[in-house]
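The values are calculated or read from the model by the stated rules, or taken from the named source; none is laboratory data. Fair warning: this is a prediction, and the values are worked out from it, not measured in the lab. Every residue, glycine among them, receives a Cβ derived from its backbone with ideal geometry; neighbour counts consider all protein chains shown. SASA here: full protein model, heavy atoms, side chains in, ligands and nucleic acids out. Shrake-Rupley method; radii C 1.70, N 1.55, O 1.52, S 1.80 Å.
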Amino acid sequence: MNEQLIVKNFGPIKDATVDFKRVTVFIGPTGGGKSTLAKLAAIFLGGQVKVVDNKVNIDQPLRYYNISNYKELNSSIVWRKSNGNHFMVDKPIEVEFEFENALTSKGVVEDLVNKLTNQFARETGITGLANEEIKKAFINQLVEAHLNGRPNGKSDLYSVNYIPTERVFIPAIEYSWAGLMRDDIGLPKLLLDFANDFSLSRSEVLELDIPFLNVKYFHVGGRDFIKIPNRESLLMLLETASGIQSVTPLLVLLEHLSRNTEQAQSFIIEEPELNLYPTAQRDLVYWLLEKCTQGENDLTITTHSPYVLSALNLALYANKVATLFPHQRKKVAKLIPEKYWLKAEEFSAYFVAKGDAKSIFDTKTGLLSESQLDEVSGEFADVFDRLTDLRAPEKKAPTKAKTAKK
C-alpha cells in the first residue's frame, strides 16, 4: 500500500499529511490524534464512502468510528490513492472527487455515460427527466468504480480490520456480549463488532500457542481457557493476568483473519502493547509483522510505547544489515528471524501531537529517528541528573558570634 491522507481542522488534527505504507505507526501523547488518522484511513481503505450526485455523505462511517463530532465548517480531508485518483472532503459531511489520469478523465467518463444512457433509452423507450436521472445513476456508478479502483471489475479495496483498545473488556463480557448487542445498551459499535468477530474466530481457532507469554489458548465447549506452565488444570481467560486477557482475543482474531489470502487486508490496531512487559511488547510486534504483512496485507499501529518503536527499529536494522552485508545474512537471522525483517521503503512512522503529524523516520539511515527513540528516556535522565546535582549538604550561614570573632 502506498496511499496518502491529508487532514486539516478535523478534531485534534489541525494540519497533517501522512503516507500509509505496508507498516505505518503513530506515536504521541493521549488525545493527540493518532486514532483519528487511523480511523479516517479505515473509512477510505474499506470503501465506506459512496458517490451520490458527485458528493458523498460520510456521516455514517464517522459515527461508527465515534469521530462525527470532529468535523467543522473548515474541515478538509484528502485521500490520495495509489492509482492516482483521490477523494477530497472539503465540507463537513460531503466528499468531492477528482480523477488524475487519462483513463478516467472527465471527457472519457462523459462519453461512456452518454453511450450507456442512449443505449438504455433505445432499449426501454425512457426519455426526458427520467432518462436524466438514469444518466446520473450511471455517472455515480462509474465514478465510484474508478475511485474504488474497479474500472475492470477488480477491486483494490481492503478488508479493513479495526481493533480498538476497548478489546480489553472482551474477557469480562465473554458470556454476555450477544445480549448486550441485542439490548442495544449503547456500547461502542467497534467493540461489539470486535466481540462478534472474535466469537466467530474462536470457533475456527480452537487452540493457539502464545510463546512470548509462555501460555497456550484453548476454546473448549464454547469457553476460552489458558494453559499456563506448572499447572495441570486450565484457567478461564477472565481469570488470567491482564496482559493475557488483553492480547489473547487479538491474537486469536488475527490468526483467523491471516488465513484469508483471497483479499488484501488492512489491520489497524490501537495500542497493541496494552498491559504487556517490554520484552513481551517486542515479541508481539514481531508476531504482528509476521501475521499482518503477508501478501498485499498491511499493518497500522497506534501506540504510546517507545518499546514498540524500538522493536520496529530492530526489524528495519536487521533487513538493512543483511542487505548491505549479504555474507552476514545467516548471523543476522539468528538474532532476528528473517520473517520479521522490515524494508525501509515499506515503512512510515509519525509523532502525532499539537495538531500535526511529524515524520520520525529518517530516510537517509532507513531507521527511526534516534532523537524520537531517546526523547522520553532522555527527559527522564535529565531529571535524574538534576536530582543528583541537588545531593549536596546544606550550607549553613555563619552565626553572628562567629562573624564578630572574625
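So here's what we get for this one:
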read-out	value
Residue among 92, 12 that alone is modelled with pLDDT of 90 or more and either open to solvent by 20 Å² or more (accessible area, probe 1.4 Å) or over 30 Å from residue 362 (Cβ atoms) (or both)	12
Region 315-348: number of residues that are open to solvent by 100 Å² or more (accessible area, probe 1.4 Å) and either in contact with an Asp or Glu (Cβ under 7 Å, 6 or more places away or on another chain) or over 20 Å from residue 363 (Cα atoms) (or both)	6
Neighbours by Cβ (under 6 Å, 6+ apart or cross-chain): first from region 347-360, over 23 Å from residue 292 (Cα atoms); second acidic (Asp, Glu) and open to solvent by 10 Å² or more (accessible area, probe 1.4 Å)	356/15
Matching option when the condition is surrounded by 11 or more Cβ atoms within 10 Å (Cβ to Cβ), over 25 Å from residue 36 (Cα atoms) and either of a type in the set (Asp, Glu) or touching a residue at least 12 places away in the same chain (Cβ under 8 Å) (or both), among 193, 224, 197	224
Single match in 289, 251, 276 (criterion: at negative phi, touching a residue at least 60 places away in the same chain (Cβ under 8 Å) and of a type in the set (A, V, I, L, M))	289
Some residue of region 266-273 being assigned to a helix (DSSP H, G or I), open to solvent by 20 Å² or more (accessible area, probe 1.4 Å) and among the acidic types (Asp, Glu)	no
Output for region 303-314, where each listed residue is outside any helix (DSSP H, G or I), of a type outside the set (Val, Ile, Thr) and surrounded by 19 or more Cβ atoms within 10 Å (Cβ to Cβ)	305
Test result for residue 157, closer than 30 Å to residue 66 by Cα, modelled with pLDDT under 90, outside any loop (DSSP other than H, G, I, E, B) and within 24 Å of the chain's Cα centre (by Cα)	no
Candidate set: region 23-50, residues that are within 16 Å of residue 368 (Cα to Cα) and more than 11 Å from the chain's Cα centre (by Cα); chosen: the one surrounded by the fewest Cβ atoms within 10 Å (Cβ to Cβ)	28
Check on residue 314, in contact (Cβ under 8 Å) with a residue 60 or more places away in the chain and hydrophobic (A, V, I, L, M, F, W, C)	no
For residue 294: the one exception among (1) modelled with pLDDT under 90; (2) crowded, with 20+ Cβ neighbours inside 10 Å	(2)
Test: residue in region 341-359 that is farther than 30 Å from residue 12 by Cβ, modelled with pLDDT under 90 and outside any helix (DSSP H, G or I)	no
